[in-house]
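Down below is the structure, laid out as structure tokens.
Here, each number is a calculation from the coordinates, and none is a lab measurement. The shown structure was predicted, so the numbers you read here are calculated from the model rather than taken from an experiment. Quick reminder, even Gly has a Cβ in these numbers, built from the backbone with ideal geometry, and neighbours come from all protein chains shown.
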């Protein structure tokens with residue numbers, strides 16, 4: 001097998017590993033969202049808190065920027081994660 005093909009196979013295997021880690025991290029984050037939703041319901045706190053959302057979005061942008069990731073991509077990613085987190089927080093146990 002050609003060396004470049006070997007490198008390609010190796011890189012793809014590493015990407016698969018990173019993808020598994022990403023999904024695992026998201027699952028942990030969403031489990032925390034579930035806990036937060038329960039706490040918010042018990043304390044009669046609104047699920048969506050715009051100031052907190054803006055703070056987290058800014059942190060995403062800064063973290064992404066420090067890693068060379070495009071701002072628009074990071075913002076889109078934040079919105080997807082935030083939307084799912086809010087949905088999870090509204091689900092009754």
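Per the listing 87, 12, the residue uniquely assigned to a helix (DSSP H, G or I) and surrounded by 12 or more Cβ atoms within 10 Å (Cβ to Cβ) is 87. Selection of first residues in segment 44-60 that are at negative phi and free of Cβ contacts under 8 Å to residues at least 12 places away in the same chain and of second residues that are surrounded by 10 or more Cβ atoms within 10 Å (Cβ to Cβ) and in a helix (DSSP H, G or I), restricted to Cβ pairs under 8 Å at least 6 apart or on distinct chains, gives the following pairs, ordered by first then second residue: 45/39; 46/40. Identify, by number, the condition in (1) assigned to a loop (DSSP other than H, G, I, E, B); (2) surrounded by fewer than 10 Cβ atoms within 10 Å (Cβ to Cβ) that residue 4 doesn't meet. Result: residue 4 passes all but (1). In this structure, residue 85 does satisfy being in contact with a helix residue (DSSP H, G or I) (Cβ under 6 Å, 6 or more places away or on another chain) and touching a residue at least 40 places away in the same chain (Cβ under 8 Å). Which members of segment 33-48 meet the condition of being more than 11 Å from residue 92 (Cα to Cα) and surrounded by 14 or more Cβ atoms within 10 Å (Cβ to Cβ)? The answer is 33, 36, 40, 47. Please verify whether residue 57 is assigned to a helix (DSSP H, G or I) and either loosely packed, with under 11 Cβ neighbours inside 10 Å or touching a strand residue (DSSP E or B) at 6+ places or on another chain (Cβ under 7 Å) (or both), treating the condition exactly as stated. No.
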